[in-house]
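Colleague: A single structure is presented below for examination.
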Amino acid sequence: MITCGIEIKGSEVILCLLSKQDGLFQIADCRQTRHTLNNPNDSESVRKFQFMLKKLFEDYKVKRAVIRERPTKGKFAGGAVGFKIEAAIQLINTVEVDLFSGAKTKDILQHNPMPIPFKATGLRAFQEGAFTVAYAALSEHIPEV
């Protein structure tokens with residue numbers, strides 16, 4: 001089962017495809033790891049953006065999308081476009097969509113630390129947030145050893 005970790009920054013989504021089988025994590029190649037919603041005030045643009053993500057999820061057989069949650073208030077609060085993107089993803093009916101707060105991700109990583117440093121994954125630096133939330137989602141139900 002492939003999980004797509006998603007980090008939303010401004011009008012852009014950053015993706016990381018990750019799966020786990022027999023306790024081993026696999027990073028799947030993805031044709032495009034960044035997608036931008038160019039005109040967030042045009043409903044047709046939002047529909048095309050949503051369709052493009054839905055198609056990507058179908059092509060890569062993604063069963064779960066996990067979005068790195070952004071606060072609604074404060075210094076690191078998400079913007080209106082980001083929340084519009086989040087809603088568009090949540091309305092894709094072919095995948096299970098979850099939001100992971102920073103605290104939840106941190107708690108999971110505390111009990112299930114990453115087996116290798118992020119730099120050793122071969123992913124681009126901008127994908128770290130998406131990778132981390134995908135890893136946390138796949139590690140969520142592992143009992144402590």
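Colleague: Does segment 46-57 contain at least one residue that is in contact with a Ser or Thr (Cβ under 9 Å, 6 or more places away or on another chain), closer than 16 Å to LEU18 by Cα and not in a helix (DSSP H, G or I)?
Modeller: no
A quick yes/no check of all residues on (1) under 16 Å from PHE131 (Cα atoms); (2) without any contact (Cβ under 8 Å) to a residue 60 or more places away in the chain; (3) in contact with a His (Cβ under 8 Å, 6 or more places away or on another chain); (4) not acidic (Asp, Glu):
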| position | (1), (2), (3), (4) |
| --- | --- |
| GLU7 | yes, no, no, no |
| VAL13 | yes, no, yes, yes |
| LEU18 | yes, no, no, yes |
| PHE25 | yes, no, no, yes |
| ARG34 | yes, no, no, yes |
| SER45 | no, yes, no, yes |
| MET52 | no, yes, yes, yes |
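Colleague: Only one of these is in a loop (DSSP other than H, G, I, E, B), touching a strand residue (DSSP E or B) at 6+ places or on another chain (Cβ under 7 Å) and surrounded by fewer than 18 Cβ atoms within 10 Å (Cβ to Cβ): LEU99, LEU123. Name it.
Modeller: Testing whether each residue is in a loop (DSSP other than H, G, I, E, B), touching a strand residue (DSSP E or B) at 6+ places or on another chain (Cβ under 7 Å) and surrounded by fewer than 18 Cβ atoms within 10 Å (Cβ to Cβ) leaves just LEU123.
Colleague: While we're looking at this one, here's another question. For LYS104, state whether it is of a type in the set (D, E, K, R), more than 21 Å from GLY10 (Cα to Cα) and outside any helix (DSSP H, G or I).
Modeller: No.
Colleague: Listed residues PHE49, PHE57; which is aromatic (Phe, Trp, Tyr), under 21 Å from SER139 (Cα atoms) and surrounded by 17 or more Cβ atoms within 10 Å (Cβ to Cβ)?
Modeller: PHE57 is the lone residue from the list that is aromatic (Phe, Trp, Tyr), under 21 Å from SER139 (Cα atoms) and surrounded by 17 or more Cβ atoms within 10 Å (Cβ to Cβ).
Colleague: Scan segment 85-108 and report the pairs whose first residue is more than 16 Å from GLU7 (Cβ to Cβ) and touching a residue at least 60 places away in the same chain (Cβ under 8 Å) and whose second residue is in a helix (DSSP H, G or I) and of a type in the set (A, V, I, L, M, F, W, C), with Cβ atoms within less than 6 Å and a gap of 6+ or a chain change.
Modeller: VAL95/PHE57
Colleague: Here is a further query. Inspect segment 64-71 for any residue being over 12 Å from the mean Cα position of the chain (by Cα) and outside any loop (DSSP other than H, G, I, E, B) and give the result as yes or no.
Modeller: No, segment 64-71 contains no residue that is over 12 Å from the mean Cα position of the chain (by Cα) and outside any loop (DSSP other than H, G, I, E, B).
Colleague: Turning to a different aspect of this structure: Quick check on this structure: which one of GLY82, GLY74 is in contact (Cβ under 8 Å) with a residue 24 or more places away in the chain and either assigned to a loop (DSSP other than H, G, I, E, B) or on the phi < 0 side of the Ramachandran plot (or both)?
Modeller: The conditions single out GLY82.
No value in this document is a laboratory result; all are computed from the given coordinates. Here the structure is a predicted model, which means the values were calculated and not measured. When we count neighbours, we look across all protein chains shown, and the Cβ atoms used for this are built from the backbone with ideal geometry, even at glycine.
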